[in-house]
Each structure stands twice: as structure tokens, then as C-alpha cells.
1. Can you confirm whether the stretch 42-57 contains a residue that is surrounded by 15 or more Cβ atoms within 10 Å (Cβ to Cβ) and not in a loop (DSSP other than H, G, I, E, B)?
2. Every residue in the stretch 368-384 that is surrounded by 14 or more Cβ atoms within 10 Å (Cβ to Cβ), part of a helix (DSSP H, G or I) and hydrophobic (A, V, I, L, M, F, W, C), please.
3. Considering only the stretch 260-270, I want to know if a residue exists there that is within 29 Å of Ser385 (Cβ to Cβ), of a type in the set (Ser, Thr, Tyr) and over 21 Å from the mean Cα position of the chain (by Cα).
4. Among the candidates Lys47, Lys88, which residue alone is more than 29 Å from Tyr269 (Cβ to Cβ) and within 11 Å of the ligand (Cβ to nearest atom)?
5. Quick check: is even one residue across the stretch 280-291 modelled with pLDDT of 90 or more, away from the ligand (no atom under 13 Å from the Cβ) and either open to solvent by less than 20 Å² (accessible area, probe 1.4 Å) or more than 30 Å from Ser323 (Cβ to Cβ) (or both)?
6. Being more than 23 Å from Glu25 (Cβ to Cβ), within 11 Å of the ligand (Cβ to nearest atom) and of a type in the set (D, E, K, R) is the filter; apply it to the stretch 230-273 and report the residue that is most open to solvent (accessible area, probe 1.4 Å).
7. Taking the stretch 7-41, which residues are more than 10 Å from the ligand (Cβ to nearest atom), part of a loop (DSSP other than H, G, I, E, B), among the polar types (S, T, N, Q) and at pLDDT 95 or above?
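The values are calculated or read from the model by the stated rules, or taken from the named source; none is laboratory data. Remember, predicted model here, so these are calculated numbers, not experimental data. Here Cβ is always computed from backbone atoms with ideal geometry, including for glycine, and neighbour counts include all displayed protein chains. Surface accessibility is based on the protein's heavy atoms, side chains included, excluding ligands, DNA and RNA. Shrake-Rupley method; radii C 1.70, N 1.55, O 1.52, S 1.80 Å.
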Amino acid sequence: MPTDFHYLIGNSKELNNIYAQNSFEQPQLIITSPPYFDLLNYNDHKKQIGYGQESYDLYLNDVCQVLNHCYDLSKNDATLWVVVDTFKKKGVVNLLPFDIVNKLKEREANSWILKDIIIWDKGKNLPWNTNGNFKNEHEYILFFAKSDKFKFKIDTIREIADLKKWWIKYPERYNPNGKPPSNIWSFNTPIRGWGNGKQNHLCPFPFPLVERILSLCTEEGDWVLDPFAGSGSVLAMSSLMNRPSVGIDINRSYKQKFIKEVNDGALTYWSKRIKELSEIETLNKKFRETNKRLRKLKVASAICDHLSSINKNPFIYYVKDSSPVKNEIEINVLQNGHIPNIHIENAELNSLINQSKIKPSIKIKLDDQFILSIAKTKSYKYKSSKFYNYSSSCKMDKVTTNGDKYDYWYSDIPLKISNEKL
Ligand SMILES: C[S@@+](CC[C@H](N)C(=O)[O-])C[C@H]1O[C@@H](n2cnc3c(N)ncnc32)[C@H](O)[C@@H]1O
């Protein structure tokens, strides 16, 4: 059941009064895009910010006044995301995004803190250019936080698609939840025009862009605000993702179109996306598990190598995944008449263990104990240089009587990664 949204017609310069007159909770997140000075005329509205204003300075003051109201109203761990672009006047670039950043700083202690600047790669734009212009295919997204403690759940938007093949050899360097997205975001701008998920507004946000920010900076139940709501994409997505929201726009007609059209478009997008998210979660889970197994096997392999290098007598090493949920492994060493030296005083190995966050314990066992403790489990045979790929499965009682056993170490950790990926 989608959560309520409140699309109000009003002037965002009076945001404080609007909040005082309504019982909205403090916003956890503000996503917005102000008018870009006088580039676009929004329905000839007399009180619109930007178009028809006497000067750029007055316009900039107004935009920052709204963003400062957002600061005053929001929670202490709130974030603000402003989609805004540079524009050209008489062939000269105007640095609007950076003017906004500098203007906001004038408030000193009570000002938004700029955390990052994202390049939004829009994938497409008008197909022509003029002399001295390239086809403009990106905009800026300014990401601000109210304090140093802000909500930022990076794990919710990590990605495992397009991982370089190195994740297999160097599992300790890869977060089990995937890699964080870069600060270049590719989302196509919605096709203009109403119906079938299209949005008839001059500059609508794509739903996936709004979804990413909502996932990153809010939880269900957190309030969201867009003081320049336009087509209402922020409200529509917030509602579907169970975040109550407030949107304000000076133009009544956008609200009417929002109620009729944008909500439907968002619903179509979200119904498809929910299925996609569940598939992504299955893949992510598989990646998390594989990454953990790889870490365990790599640490085991390095320890077996190290023990072999400091002991003259050959031993058999058997690695048990003592607790698949915990990051622990047990390395059993077959004593066979000789007491091996099991001290790990190797900086490189210790650093691998620390980086992998795997806790190994090493146990020395006599022949009988060794066979007893591991014979019943399904075992796999690994070469140290190929910890990410086992050579075959094997029975442990056979291993202990096998002649060439010392080239290998053994484990009960199965792993299905094909060599083709390496
Ligand atoms: C860049 S558009 C926002 C587009 C929006 N992000 C979307 O997804 O459709 C800027 C919006 O600000 C609105 N606007 C201009 N001046 C305003 C003001 N004083 N108060 C509230 N809204 C205003 C315009 O009507 C326009 O819809």
C-alpha cells in the first residue's frame, strides 16, 4: 500500500510558513531541482523563481533562501540533493551549481556541507549543437549533508555487475556487498509527453535516479521533501517506497498532471523494478557467499604455504569451514610423527588475514584423529596457487594413503567458479 504524499501549491520561498501550517514531520531527505535562472518559463507564473527575475543575484538569493529553509526544517542527519546544471548566456558558461554552493556557505555554521558532486550522465539530449558548444549530455547533482552524521546506506546501492575479474584472485579487496557506485550516474532522461510512464514536464527526474537517492539516504517511514516538485517524480517514488513526502510547486497544472499521469508511470516502473530488485538480491547473496568462501580459501592456502615453508617434513593440511556464518576456519595439520612449527610470524600473511577478516585456528592432529574428524565430510583438493579452483572432490581416507598428497591441501569448502572467468 503506497504511503501518503502531500503535493501543495505554493511558493517555496514561504516554506517555513507552509510547514508551520501543516503537521508534516521533519524531512530526512530533500531531493530537488530549482529553475535554472531564466532558461525556462514555467507557465508564466508571476511568482516563479528564475524566469522574469530582474537579476541573476536576486534569483540566486531566492533559490538559496529555499534551500536554507530546507536546512532549518530538516532533521540533523538529513541530506540535500540538488540537481542543477551550468548554462550559457551569450555563449559564455554560467557556473550556477558552484554559485549555489558558494552562496549556501555564506551562512557559515548553519549551512549545508557539500559532500560530493555527481555527474548525471543523461544518455541523451537535444541532437544539435551550435558553434562552441558540445552536445550537453550531463548535469550536476550536488550532494549536501546537514551534519557529519548523516544517513548514508551505501550497502543498499552497491553493485556487483561489471566487477573486474580480479575479485576472484583478490577477494579480500572486494566488499562482500559489491563495489560502491562511482560519482558518475547514468540514467536516461524520461521521454517527454504524457501516458505510458512518460512525463509532460519540462525537466522531469527519471524514477531510477530518485529511487537510488531514496534507498541511499532514507528508511521506510522517513519524510521526504521536494520544494520544486514539478512533475512530482520525487513524491511518486517516495510514496511507492513507503516514505511520506511533501512536494511544493507554484504551478497548479503540474499537480493535476501528476495526479493523473506521473503516479501511473511510477507505478509501472516500480512493479517491474521490484522483480528486478529481488533478482539482484539473489545474485548479491550468491556473491556475498562466494566472496566469503574465497577469503577463507585464500587465507587457508596462504597459511598452508607458509607452514610448508617453515617445516622440513611434509604435512597434510585439511581446512574445515568451522562456521559458515562466522568468518572462522580451522586448519587441521596431520602430525604423522613430527610436531610441526605452527607460528605465523609473517607480516604479509598477517596482513592478508587482517584484510580478509578471517579468523584461522590451527590444530595439530594424529593420524587417527585426523581421519576421524574429516573422513565423513565431502572434501575438495586444492593447489595453493589455485585456491579459487579445486582440482577434484576426494575421500579423506584415500588422501592420507595417497602418494602425491603433499602438492595439495584439502578443504570441505566447495566453490564453483569456472576458470574461464580468470
Ligand atoms: C526544474 S523544475 C523541477 C522539476 C522536477 N524536479 C521534476 O521532476 O519534474 C523547477 C520547478 O520549480 C517550480 N517553481 C518555480 N518557482 C517556484 C516557487 N517560487 N515555488 C515553488 N515552485 C516553483 C516550477 O514550476 C518548476 O516546476
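1. Our first condition is that a residue be surrounded by 15 or more Cβ atoms within 10 Å (Cβ to Cβ); within the stretch 42-57, this holds for 42, 45, 48-51, 53, 56.
Next cut, not in a loop (DSSP other than H, G, I, E, B) only: 56.
Looking for residues that are surrounded by 15 or more Cβ atoms within 10 Å (Cβ to Cβ) and not in a loop (DSSP other than H, G, I, E, B), one finds at least one in the stretch 42-57, hence yes.
2. Result: Phe370, Ile371, Ile374.
3. No; the residues of the stretch 260-270 include none that is within 29 Å of Ser385 (Cβ to Cβ), of a type in the set (Ser, Thr, Tyr) and over 21 Å from the mean Cα position of the chain (by Cα).
4. Answer to the check: Lys47.
5. yes
6. So the residue we want is Arg252.
7. Listed by number, the residues that qualify are Asn22, Gln26.
The rows are residues; the columns are (1) touching a strand residue (DSSP E or B) at 6+ places or on another chain (Cβ under 7 Å); (2) open to solvent by less than 40 Å² (accessible area, probe 1.4 Å).
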site: Val319; (1), (2): yes, yes
site: Val325; (1), (2): no, no
site: Glu328; (1), (2): yes, no
site: Asn341; (1), (2): no, no
site: Ile358; (1), (2): yes, yes
site: Leu366; (1), (2): no, no
site: Lys386; (1), (2): no, no
site: Ser391; (1), (2): yes, no
site: Ile417; (1), (2): no, yes
